[in-house]
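Have a look at the structure below, then the notes.
The values are calculated or read from the model by the stated rules, or taken from the named source; none is laboratory data. Since the model is a prediction, treat every value here as computed from it, not as a measurement. Note: ideal-geometry Cβ built from the backbone for every residue, glycine included; neighbour counts use all protein chains shown.
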Amino acid sequence: MKRILIIVCLVFLSITSCKKEVFDIENLNGNRITALGHAGMGVGNTYPMDSYESIVKCLNLGMDGSEFDVQMTKDSVLVLFHDMNFSERTNLKGTVNSLNWNEIKNAHYSQTLYLDYSIISMEQLFSNVENLQKYKFTFDCKMDADITDANRFYESFINAIVKIVQKYKIENNIYIEAQDVGFLTRFKNKYTDYKLFIYPSSFESGLNTALSLNLSGITISTRDITKEQIKIAHDNNLWVAIWNTHTNEDNMDAINKNPDFIQTDNVRNLVSLLK
């Protein structure tokens, strides 16, 4: 009898410990949160951020999609890379915008753990992802600080984005975020249907910019926004994407703020919570 009681207790504990968390989410995204990887699997992962392997691994684990950093080469090829200069993390020197794609396409990361991973173009990513249209992608568009003709650069960058998005028929699957107000302004004036997000230094400045430019939303660190501020954004018909979630607790806290998107560095945990 005692043995049966122990078995029953163990089964009960197993069932209750595996019970999935239920969240009462209220947002503009159909009361669900779109789970995105931060540049794939996130900071400090087995794979370098923005690499093909990191992004595909994130998708294969069941995420809705991924955010990644986007820069443009001198000959208008979109490249997935975070830093403003190649020299710290790759075998190249210079900036993305100062080089042509032919000078970059054979480059690789130089850190010991990442030597087998290459710098990739957006074309290489999209042409190799199966069922591409089922995923969501956020383009974190980074502007080169040494641009001499900003308007010309913005125009080329925008045209390159629209060209590849239309090629793969993913207009409804992408979100464009940037810190550069000039870039967002020009993009909004030219293509009103694209979903543009300001990436501000504070919630207040982001709210003001998003409203003045009639943007779709705000992308901000979870540390710089509260649940109450997200509610204010939603009341103004602005979507909110939050990032900087590294731990299980970070993910849980972010979910409870009711954002529309979470760009996480802890992909496995967010999948277990939301999927």
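With respect to the conditions (1) in a helix (DSSP H, G or I); (2) under 16 Å from the mean Cα position of the chain (by Cα), PHE197 falls short on a single one, namely (1).
Out of GLY30, GLY44, one residue alone is farther than 20 Å from GLU177 by Cβ, out of contact with any Leu (no Cβ under 9 Å at 6 or more places or on another chain) and at pLDDT 95 or above. It is GLY30.
Pairing each residue of region 178-189 that is assigned to a helix (DSSP H, G or I) with any residue that is small (Gly, Ala, Ser) and surrounded by 15 or more Cβ atoms within 10 Å (Cβ to Cβ), provided the two are 6+ apart or on different chains, yields C-beta distances under 6 Å for LEU184/ALA178. The residue that is nearest to LEU61 (Cα to Cα), counting only those in region 136-167 that are among the hydroxyl-bearing types (Ser, Thr, Tyr) and either in contact with a Pro (Cβ under 7 Å, 6 or more places away or on another chain) or crowded, with 19+ Cβ neighbours inside 10 Å (or both), is THR138.
The single condition among (1) among the aliphatic types (A, V, I, L, M); (2) under 14 Å from the mean Cα position of the chain (by Cα); (3) assigned to a loop (DSSP other than H, G, I, E, B) that ILE262 does not meet is (3). When each of ALA254, ALA241 is tested for being surrounded by 19 or more Cβ atoms within 10 Å (Cβ to Cβ) and assigned to a strand (DSSP E or B), the lone residue that passes is ALA241. A single member of ASP69, ASP50, ASP64, ASP83 is among the charged types (D, E, K, R) and free of Cβ contacts under 8 Å to residues at least 40 places away in the same chain, and it is ASP83. Which one is nearest to GLU177 (Cα to Cα), of the residues in region 90-117 that are among the polar types (S, T, N, Q) and surrounded by fewer than 19 Cβ atoms within 10 Å (Cβ to Cβ)? Checking each candidate, the answer is SER98. Can ASP75 be described as surrounded by fewer than 21 Cβ atoms within 10 Å (Cβ to Cβ), free of Cβ contacts under 8 Å to residues at least 24 places away in the same chain and of a type outside the set (Val, Ile, Thr)? So ASP75 does not fit the description; no.
Just a yes or no: is a residue in region 132-143 assigned to a helix (DSSP H, G or I) and aromatic (Phe, Trp, Tyr)? No: region 132-143 contains no residue that is assigned to a helix (DSSP H, G or I) and aromatic (Phe, Trp, Tyr). If you check VAL162, VAL181 for being out of contact with any Leu (no Cβ under 8 Å at 6 or more places or on another chain), closer than 25 Å to THR34 by Cβ and aliphatic (A, V, I, L, M), only one passes: VAL162. When restricted to residues that are outside any helix (DSSP H, G or I) and β-branched (Val, Ile, Thr), region 201-233 contains 5.
Annotation note: of TYR191, TYR175, the sole residue that is surrounded by 19 or more Cβ atoms within 10 Å (Cβ to Cβ) and of a type in the set (Ser, Thr, Tyr) is TYR175.
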